[in-house]
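Worksheet: one structure, shown below.
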Amino acid sequence: MPLYHLHIRDAQGTARDDEGVEFADLEAARKEALNGARSLMAADLLKGALDPRGYIEIADESGRTVDVVRFRDSFTFVEGDQLEAEDSTGR
Amino acid sequence: MSQIGDTLAFHLSRFGELPEADAQAVRRLDGEVRRVDRHQDVLSDGEQPTHAVVVLEGFLFRYTMGRQGVRQVHSFYLPTEAPSLETIYMDYMDNSLATAVDSRVGFVPLERLYQLIDNFPGARKLLWRQTLVQGGIFREWLIRNSNRTAHGAVAHLFCEMFARADAAGLAEGNTCPMPVTQELIGQALGLSVVHVNRTLQLLREAGLVDLRGGILSILDRERLWDAADFDPRYLHLKTTSRD
């Protein structure tokens, strides 16, 4: 299986992935980068902050960047006003 | 005397004193030594265990495969440790035991272990204690995965593995072998591989601990223990290094 490196760049700095991870294909690596971006933001959110400026760079075994997964593209943010209260009597 | 028996006697002596006659009986336990390549099952889910396993070289782990193909790793095993004592009276494996790297593994026929247990109360007591300690370790892994941040969980796992390596006589100064990938750590802690990488980098930059090339280096024991909120009582180790 091909080896891909998932390098992280976010507000905490850069974490190079020198070890790399074997994936079935680039699509599987992309899926894990997406999951990784969400997991980093989720951990930050538990501490009360959300910073979507980071990204994960996917590099192949030769070190060439083959894709970039942006934190802000990894989730849907629904804008708008507070939801109306539902009628609790069910009528 | 056999390498398997010697190793098991040494391992049991980490948990308490083995009377001389019992120690001799354990040392006489023999079996087959096999080389197992990395990423191979030693015991597979569903199979009937016929042998107890002793790690002689390498690194083993236990896992359960989820229906979604997600692997939950629930224990790591270092050389001298005996990963399968809790299955010696089980009819079938409900999880799997595998190698993380090329390993040498000793297999003791269960029949020989049953005879030891029936005839040597001192050995029986320590075998039982060893499996109860495994239960304690599983409890700690549950707490680690439920109630700690990634930072605390990774730090805690490293504290445990260093303490166990030290007891197994594998630590040299502030380093010990820990030949695991960031992927395997993620599967043990329920963290994404990206989150593990980020956490390792933060722990390294803070000067607490480093994992590189399969070697764990404890850079600042006191601050690492603090970050991990580590209390080694659950390991019930009577000794912390090879005599």
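Points to keep in mind about this one:
- A compact globular protein would have a Cα radius of gyration near 2.2 N^0.38 Å; the ratio found for segment B:51-170 is 1.13.
- Farthest toward the positive end of the dipole of segment B:74-226, out of B:Leu127, B:Ile143, B:Gln115, is the Cα of B:Ile143, where the dipole comes from beta carbon charges about the Cα centre.
- With the charge dipole of segment B:1-107 set up from +1 on Lys and Arg Cβ and -1 on Asp and Glu Cβ about the Cα centre, the Cα lying farthest toward the positive end among the listed residues B:Pro19, B:Ser75, B:Leu8 is that of B:Ser75.
- Taken residue by residue and averaged, Cβ atoms of other chains lying within 10 Å of the Cβ of B:184-196 number 5.
- Sequence-ordered 3J(HN,Hα) estimates for segment B:29-44 from the Karplus curve with 6.51, -1.76 and 1.60 and θ = phi - 60° stand at 4, 10, x, 9, 9, 10, 8, 10, 5, 5, 6, 10, 6, 8, 9, 10 Hz, glycine and proline given as x.
- For segment B:1-111, size of Cβ-based charge dipole, Lys and Arg +1, Asp and Glu -1, in debye: 380
- Working note: Karplus 6.51/-1.76/1.60 with θ = phi - 60° gives segment A:53-69 the couplings 7, x, 7, 10, 9, 9, 10, 7, 4, 7, x, 6, 6, 10, 6, 10, 10 Hz, where Gly and Pro are set to x.
- Take each peptide in B:170-177, B:23-30, count the other Cβ atoms within 10 Å of every residue, and average; sorted highest first, the result is B:23-30, B:170-177.
- Listed residue (B:Ala165, B:Leu29, B:Ala206) projecting farthest to the positive dipole end of chain B, Cβ model: B:Ala206
- Point-charge dipole on Cβ atoms (K/R +1, D/E -1) for chain A, about Cα centre, debye to 20: 180
- Karplus 3J(HN,Hα) series, Hz, for segment B:113-126 with 6.51 cos²θ - 1.76 cosθ + 1.60 (x for Gly, Pro): 5, 4, 5, 4, 4, 5, 10, 10, x, x, 5, 4, 4, 6
- Summed side-chain charge close to B:Gly207 - residues other than B:Gly207 whose Cβ falls under 12 Å, Lys, Arg +1, Asp, Glu -1: -1
- Cα centroid separation - segment B:47-86 against segment A:44-66, whole Å: 33
- Amide H partners (placed H, <5 Å) of A:Val66, local residues excluded: A:Ile58, A:Ala59, A:Asp60
- Nearest-0.05 FRET efficiency for B:Thr64 and A:Arg72, computed from C-beta distance (R0 45 Å): 0.80
- In the calculated pair-distance distribution of chain B, the portion above 26 angstrom amounts to 37 percent of the Cα-Cα pairs.
- The protein assembly as shown gives an Rg/Rh value of 1.04, both radii derived from C-alpha positions and Rh following Kirkwood.
- If R0 is taken as 45 Å, the Cβ-Cβ distance between B:Arg204 and B:Glu32 corresponds to a FRET efficiency of 0.65.
- Chain A: chymotrypsin sites (Phe, Trp or Tyr not before Pro) in DSSP loop, at most 15 other beta carbons within 10 Å: A:Phe75, A:Phe77
- Only helices enter this figure: runs of n ≥ 4 DSSP H residues, each worth -39500 (n - 2.57), summed and divided by the residues of chain B, yield -13500 deg cm²/dmol at 222 nm to the nearest 500.
- Anisotropy class of segment B:1-91 from Cα gyration tensor, a/c 1.5 cut: prolate
- Dipole magnitude for chain B: about 300 debye, using +1 per Lys or Arg Cβ and -1 per Asp or Glu Cβ, origin at the Cα centre.
Every read-out reported here was derived from the displayed coordinates using simple, explicitly stated rules and does not represent laboratory data. Just so you know, these numbers come straight off a predicted model, no measurement behind them. In this analysis, Cβ positions are derived from the backbone assuming ideal geometry, glycine residues included, and neighbour counts consider all displayed protein chains.
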